[in-house]
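In what follows, a single structure is set out as structure tokens and then discussed.
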């Protein structure tokens, strides 16, 4: 696994290894990550990455948020309650030397709580597949003031997720066994 574009292009990220089966770590592949960012920065949606405040829910290795930082995002908040994930995120932030541009919240995404800072204009949501965790996490982030009006949401799931209340569908693409849905927060 590596960063596929931007200032940190080619940077090798910490490997999951055998991982922790209970952690349900399933990193977004380099190919899918590249497709996501090509879609985001391809002009159809403007440029939701440059100068963005990013919220990476179910962050896992942190690859999506780190890819956004590499491509010009201003700040990324990584949310994951797994110990293996927290260790991987800290290691990857260190490798990229981006500790000052990021925060790690070790809490379940669906219980993120209130946001003490500015809301995110770009949200990555990559929950464990087929466990119905995405919509509750988005609802909690929206209720906690983590998501700005008009924010772009990138939701990766095993099947195309329908937009929950407060969000509108922009696009959806299938990449192998993954669906990537783009949504916008109302407002």
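Only the coordinates and a few stated rules stand behind these numbers; no lab work does. Everything quoted here is computed from the prediction, not taken from an experiment. Virtual Cβ from ideal backbone geometry, glycine too; neighbours counted across all protein chains shown.
Data table
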quantity: Longest to shortest principal axis, alpha-carbon extents of segment 44-187, angstrom; calculated: 35, 30, 29
quantity: Dimensions in Å of segment 113-187 - Rg and Dmax from alpha carbons; calculated: 11.9, 38
quantity: Percent of beta bridges antiparallel (DSSP, segment 29-185, rounded to nearest 5); calculated: 45
quantity: Gain on full stretching of the segment that runs from residue 34 to residue 100 - 0.36 nm per residue minus C-alpha separation; calculated: 21.3 nm
quantity: Contact order relative to length of the chain, as percent, for alpha carbon pairs under 8 angstrom and 6 or more apart; calculated: 17
quantity: Point-to-point label distance, residue 91-residue 2, nm (Cα→Cβ direction, 7 Å offset); calculated: 1.8
quantity: Label-point gap, in nm, between residue 139 and residue 50 - each point 7 angstrom along Cα→Cβ; calculated: 3.8
quantity: Calculated log₁₀ intensity ratio I(q)/I(0) where the Debye formula runs over C-alpha points of segment 1-105, q = 0.11, 0.23 Å⁻¹; calculated: -0.29, -1.28
quantity: Cα-based Kirkwood hydrodynamic radius, segment 107-156, one decimal, Å; calculated: 11.0
quantity: Protection-proxy order for peptides 60-70, 129-139, each taking the mean of Cβ atoms within 10 Å per residue, highest first; calculated: 60-70, 129-139
